[in-house]
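Taking it in order: structure first as structure tokens, then the write-up.
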Amino acid sequence: MAAYTVRTLGLAGSIIGLAAIAAWLGLAHSCDPETHEAVIAGHVLIAPALADQVRSTDVLFVIVRKPGAARPVAARRIDHPQFPVEFELTNADVMVQGSELRGMLDVVARLDRDGQAGPAQPGDIEGRYAKNPTLPGGRDFEIILDTVKQ
């Protein structure tokens with residue numbers, strides 16, 4: 001019984017230690033240190049090779065999903081984007097009332113040709129936060145639009 005307890009405590013301590021290291025390295029967030037609210041903020045850039053493909057009618061969507069899920073938890077629509085584009089998503093941007101930005105999340109952006117929310121269409125340009133999945137709480141998210149949807 002004692003060996004089982006020591007092993008369990010050792011495993012729990014290791015998990016807590018890894019979480020502390022991830023937070024210290026900026027790999028994990030929980031809430032904004034100033035407001036203590038869930039926030040995902042940063043900027044979206046477009047890869048230089050694709051910059052000439054931006055049209056004045058394009059719409060930028062910054063989308064937050066649970067890993068592996070198709071349905072967004074939250075989204076922000078930005079009309080007529082001028083790159084780099086600053087963004088901020090909070091619990092006010094969630095898609096289902098009563099939901100929150102919490103837990104592990106994927107943060108993606110899409111330069112949408114037809115301006116309609118929904119799945120990406122051919123010609124749309126997409127990008128992902130390099131440290132997905134992540135936790136909300138940061139203001140340093142950088143997404144580079146670098147993939148043209150086929």
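Values computed for the structure shown
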read-out	value
Top-ranked residue in segment 52-105 [being among the charged types (D, E, K, R) and touching a Phe, Trp or Tyr at 6+ places or on another chain (Cβ under 9 Å); ranked as nearest to Pro136 (Cα to Cα)]	Arg76
Residue satisfying all of: in segment 113-136; assigned to a loop (DSSP other than H, G, I, E, B) and among the charged types (D, E, K, R); surrounded by the fewest Cβ atoms within 10 Å (Cβ to Cβ) among these	Asp114
From the options Arg139, Arg110, Arg71, residue that is of a type in the set (Lys, Arg) and crowded, with 18+ Cβ neighbours inside 10 Å	Arg110
Search result, residues across segment 77-107 that are surrounded by 18 or more Cβ atoms within 10 Å (Cβ to Cβ) and either touching a helix residue (DSSP H, G or I) at 6+ places or on another chain (Cβ under 9 Å) or under 23 Å from Val148 (Cβ atoms) (or both)	Pro81, Val85, Phe87, Leu101, Asp106, Val107
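Quick note: the coordinates plus some simple rules give every number you see, no bench work behind them. Source: prediction; values computed, not measured. With ideal geometry, Cβ positions are generated from the backbone for all residues, glycine too; neighbour counts draw on all protein chains shown.
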